[in-house]
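Input: a single structure, listed below in structure tokens.
The values are calculated or read from the model by the stated rules, or taken from the named source; none is laboratory data. Here the structure is a predicted model, which is why all the values come from computation and not from measurement. Cβ placement follows ideal geometry from the backbone for every residue including glycine, while neighbour counts extend to all protein chains displayed. These area figures cover heavy atoms from the full protein model, side chains too; ligands, DNA and RNA do not enter into them. Shrake-Rupley method; radii C 1.70, N 1.55, O 1.52, S 1.80 Å.
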Amino acid sequence: MSAATTRSRTPDRLCAEAVDLARAAAEEAAAPGVIGEHTGLVSEGDRVVTHFFECKELGYRGWRWAVTVARASRAKIVTLDEVVLLPGPDALLAPEWVPWSERLRPGDLGPGDLLPTDQDDLRLEPGYTGDEEPPPNSVVSEEMRELAEAEDADVTPGTPAVQPATPSRGTIASVAEELGLRRARVLSRYGLRIAADRWEEEFGPKSPMAQAAPATCVSCGFLARIGGSLGQAFGVCANEFSPADGRVVSLSYGCGGHSEAAVMPKPPQPAAPVIDETRVDPFPLRPARDSGSVPEAGDDETAELGHS
């Protein structure tokens, strides 16, 4: 250990004795009556000492006022360096800052809120591209597999040929599924209508969320289509941050979690006012002499009629 290091760890005597100077500086920087007892000091270097004072201000439990004083070489006068409020070992601190995208939880999205999606969102993939090869973020690509493993997602192994799929349209199996031949009873026309009315009332275009949405569900990438006749007007929301996640929504419904919400809609232009209430029309206190429908007569004409 060098001599310079030894000197820096030993508090300077004059700086250590300057408690009154440090207290006066702390009281000047803080509010009156919040400076407590002197809790200690620490050597910051050669002829540099920091004094700590208890903070009695409400909401700052465990915090300390730190006043740093210094002395020049061969000088006898101690000067003030800085005054700051620092947390102590047992200080009450705010929780660690977390980005808003990680703080967001399902159900936090309200009417008028927008939730833009990232370009590489795992929940979305490009639509029809016309290529024979799978897109870069497809579930069958190596890049997507590594990314899904990093996100703790489940990926079904195998090529698209061995993936489970619904029967092709036009086959006997698809017609049987559509007609419900594998079930004893199916919904009647009345059952379909009352179900559609119920879903339309809860997640339809007249809800406050849909009124403030930038677009409808029919153009959202998180919409999962459903089969049958109800699929022409309804789908299932697959956005975990949407208030309708896992619910049947109308195609004319919408929320701020739309997959294309990054493109902000233009603000509506208000119509021109019919009555301009911002303009002030001056009105005289007395009518003008020439404002009547009959011209004003002169003194000579009134004198002939005997009027004074």
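Does the range 69-78 contain at least one residue that is modelled with pLDDT of 90 or more and either in a loop (DSSP other than H, G, I, E, B) or surrounded by fewer than 17 Cβ atoms within 10 Å (Cβ to Cβ) (or both)? Yes, the range 69-78 contains at least one residue that is modelled with pLDDT of 90 or more and either in a loop (DSSP other than H, G, I, E, B) or surrounded by fewer than 17 Cβ atoms within 10 Å (Cβ to Cβ) (or both). Criterion applied to 90, 121, 108 was being modelled with pLDDT of 80 or more, open to solvent by less than 90 Å² (accessible area, probe 1.4 Å) and out of contact with any strand residue (DSSP E or B) (no Cβ under 6 Å at 6 or more places or on another chain), and the one residue passing it is 108. The set of residues in the range 40-61 that are out of contact with any Ser or Thr (no Cβ under 7 Å at 6 or more places or on another chain) and either open to solvent by less than 30 Å² (accessible area, probe 1.4 Å) or assigned to a strand (DSSP E or B) (or both) comprises 40, 51, 55. Among the conditions (1) touching a helix residue (DSSP H, G or I) at 6+ places or on another chain (Cβ under 7 Å); (2) modelled with pLDDT of 90 or more; (3) among the aliphatic types (A, V, I, L, M), residue 210 misses just one, which is (1). Looking at 242, 259, 252, just one residue is surrounded by 10 or more Cβ atoms within 10 Å (Cβ to Cβ) and at pLDDT below 90, and that residue is 259.
In the condition set (1) in a strand (DSSP E or B); (2) open to solvent by 80 Å² or more (accessible area, probe 1.4 Å); (3) closer than 14 Å to residue 14 by Cβ, residue 37 is compliant with all but (3). Against the numbered list (1) at pLDDT 90 or above; (2) assigned to a loop (DSSP other than H, G, I, E, B); (3) of a type in the set (Gly, Ala, Ser), residue 227 comes up short only at (1). Of all residues in the range 201-217, which are in contact with a Gly (Cβ under 8 Å, 6 or more places away or on another chain) and assigned to a helix (DSSP H, G or I)? Answer for the range 201-217, where residues must be in contact with a Gly (Cβ under 8 Å, 6 or more places away or on another chain) and assigned to a helix (DSSP H, G or I): 209, 210, 217.
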